[in-house]
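Please read the structure below before turning to the comments.
Each reported figure results from applying straightforward, stated rules to the coordinates on display, with no laboratory input. Remember, it's a predicted structure, so these values are computed and weren't measured experimentally. Cβ sites come from the backbone with ideal geometry, for glycine too, and all protein chains shown count toward neighbours.
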Amino acid sequence: MGKGAGLCLELMCYHCPRGSQDVVFHKTDDMVGPRHVALEVADIAVVFEHLKKQPGVRMINPSLDYGTPVKLGTSAISFFCWLDPDGVQWEMEQGRPPGFGRELAG
């Protein structure tokens with residue numbers, strides 16, 4: 001990573017729905033391998049449009065109304081999720097304040 005770049009590792013464990021506990025690669029809540037990866041991006045609208053055009057990419061919401069990233073409540077944070085050809089769910093996010101979430105690690 002470049003100077004000044006930070007890393008925020010978000011660990012997730014689904015409790016409900018629990019999903020299959022067998023070693024399989026199907027759904028985000030199944031137990032094996034990377035199932036969900038979240039990344040911060042600088043221009044979420046550009047990333048959204050780029051990914052929609054990529055072969056094998058499926059947006060998490062197949063509705064035609066899912067045309068832009070979603071605002072998180074009244075905050076400045078926007079995000080969207082998509083699935084890669086291997087079924088890994090990726091979350092792209094923009095607008096998280098510097099240091100957001102660090103108090104949770106503490």
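The table below lists the values:
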{"read-out": "Proxy reagent accessibility, fewest Cβ within 10 Å first, across Ser78, Ser63", "value": "Ser63, Ser78"}
{"read-out": "Charge-dipole axis of the range 36-96 as Lys and Arg at +1 and Asp and Glu at -1 on Cβ define it, positive-most pick from Ala45, Gly56, Val88", "value": "Ala45"}
{"read-out": "Unit charges on C-beta of K, R, D, E only; dipole of the range 36-96, Debye", "value": "120"}
{"read-out": "Theoretical gain in end-to-end length, Leu83 to Leu64 [0.36 nm per residue, Cα-Cα removed]", "value": "5.2 nm"}
